[in-house]
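K.L.:
Structure incoming, see below.
The values are calculated or read from the model by the stated rules, or taken from the named source; none is laboratory data. Computed from a predicted model, the values in this text were never measured in an experiment. Positions of Cβ are backbone-derived with ideal geometry, glycine not excepted, and every protein chain shown enters the neighbour counts.
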Amino acid sequence: MAQEKIAGPENENVVLEKGDLSLTLLPHLGGKIASIRIGETELLQAPLLPYAPRTRTMAFDEADASGWDECLPSVAACDVRLVVGSSEQVPDHGDLWRVEWQSDGAGDGTLRGECFSLPLALVRDLALSETATGWNLRLKYTVTNTGTARVPWSWAAHPLFAVEPGDRIVLPDSIQSLRLEGSGGNRLGKSGDTVSWPIAKLATGGETDLRMARSIASGIGDKLFAGPLGATENWCALERPSVNLRIRFEFDPALTPYLGLWICYGGWPERPGPKQMCVALEPATAPVDSLAVTGSWSRSLAPGERSSWGVSVSIEPFET
């Protein structure tokens with residue numbers, strides 16, 4: 001693999017290259033995958049605000065809100081009880097996008113991030129390869145409890161892929177309904193509702209095809225979950241005829257049994273300023289954003305215990 005480092009604004013960025021595809025990591029900004037570029041085509045959501053240092057309490061929309069981050073130990077801000085009479089505050093979108101990640105010594109694609117709200121560390125090993133028809137990105141994750149007591153945790157990938165109207169989300173045919181986490185203006189209903197896939201009813205009447213990307217003027221911002229997923233529901237894809245590419249995720253539902261979908265066509269951030277135009281395909285360990293919401297999906301680690309899982313992303317020419 002051709003690898004090189006280039007100077008970053010505060011530290012060093014890491015650039016991995018294979019053929020026409022280049023991938024840029026920002027270890028100093030949460031290990032963010034800031035760019036996946038094929039020639040002049042950028043596949044990830046561009047920064048809404050300039051890159052800048054983050055605080056432990058700022059909201060996600062106060063930063064650049066772009067690229068690919070890792071959400072651990074929660075997506076939503078919440079208070080998590082560890083022992084009777086004590087709780088810890090987990091910030092918006094978790095800890096890891098706020099902290100500098102360190103090299104784990106296994107190569108430029110392997111980085112380690114340390115949480116601060118809960119005693120957890122995540123190692124992400126990333127490898128890029130060229131295939132006969134395109135490219136493959138393999139990510140292996142390992143979370144470890146670095147503390148002295150049992151700790152709850154949840155993880156979700158947070159890859160914001162840029163889209164244009166007419167691009168299409170594809171899920172296995174067996175997925176026919178999703179759980180609604182939130183919907184801008186309650187257009188699909190309220191949190192916790194069941195939403196049909198792919199054709200969903202609108203709260204105001206009528207129907208919408210959730211597969212299809214809309215115009216940024218539509219102001220859509222919806223978060224949904226599929227799962228628990230069966231053994232054959234181990235993939236999802238984003239078809240982008242606008243740039244002649246198909247992005248396909250594969251994962252093991254036994255390890256990450258849920259899939260979050262963030263579809264945003266101008267509906268977020270709610271503050272004035274630039275808006276996201278993206279789709280996030282988010283393999284996850286839970287069907288909810290908040291670690292404080294517990295259920296059969298809830299996970300915890302004993303002191304020193306670890307858990308590992310993986311995600312594979314193929315990027316190939318789109319064929320109808």
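K.L.:
Any residue at all in the stretch 298-309 that is basic (Lys, Arg) and either under 27 Å from Val151 (Cα atoms) or modelled with pLDDT of 95 or more (or both)?
P.N.:
For the stretch 298-309, residues basic (Lys, Arg) and either under 27 Å from Val151 (Cα atoms) or modelled with pLDDT of 95 or more (or both): present.
K.L.:
Counting only residues that are buried (at least 19 other Cβ atoms within 10 Å of the Cβ) and charged (D, E, K, R), which one in the stretch 55-87 is nearest to Ser298 (Cα to Cα)?
P.N.:
Across the stretch 55-87, the extreme among qualifying residues is Glu70.
Each row is one residue, and each column tells you yes or no for (1) touching a Gly at 6+ places or on another chain (Cβ under 6 Å); (2) outside any loop (DSSP other than H, G, I, E, B); (3) of a type in the set (Phe, Trp, Tyr); (4) at pLDDT 95 or above.
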| position | (1), (2), (3), (4) |
| --- | --- |
| His158 | no, yes, no, yes |
| Pro165 | no, no, no, yes |
| Ser174 | no, no, no, yes |
| Gly182 | no, yes, no, yes |
| Lys190 | no, no, no, yes |
| Phe249 | no, yes, yes, yes |
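K.L.:
Something else: Considering only residues that are in contact with a Ser or Thr (Cβ under 6 Å, 6 or more places away or on another chain) and more than 17 Å from Lys140 (Cα to Cα), which ones fall in the stretch 234-258?
P.N.:
Listed by number, the list holds a single entry, Val243.
K.L.:
Is it the case, given these coordinates, that Val288 is touching a Cys at 6+ places or on another chain (Cβ under 9 Å), assigned to a loop (DSSP other than H, G, I, E, B) and at pLDDT 95 or above?
P.N.:
Taking the combined requirement at face value, the residue does not satisfy it.
K.L.:
How many residues does the stretch 203-225 hold that are surrounded by 13 or more Cβ atoms within 10 Å (Cβ to Cβ), out of contact with any helix residue (DSSP H, G or I) (no Cβ under 6 Å at 6 or more places or on another chain) and not basic (Lys, Arg)?
P.N.:
Restricting attention to the stretch 203-225, the residues satisfying the condition of being surrounded by 13 or more Cβ atoms within 10 Å (Cβ to Cβ) are 203, 208, 210-216, 218-225.
Then drop every residue that is not out of contact with any helix residue (DSSP H, G or I) (no Cβ under 6 Å at 6 or more places or on another chain), which leaves 208, 210-216, 218-220, 222-225.
Adding the requirement that they be not basic (Lys, Arg) leaves 208, 210, 212-213, 215-216, 218-220, 222, 224-225.
Matching residues across the stretch 203-225 total 12.
K.L.:
With Leu72, Leu96, Leu120, Leu126 as the choices, which residue is over 17 Å from the mean Cα position of the chain (by Cα) and within 19 Å of Pro283 (Cβ to Cβ)? Spell out the reasoning first.
P.N.:
Numbers: Leu72 fails: over 17 Å from the mean Cα position of the chain (by Cα); Leu96 fails: over 17 Å from the mean Cα position of the chain (by Cα); Leu126 fails: over 17 Å from the mean Cα position of the chain (by Cα).
None of the other options fit; the residue is Leu120.
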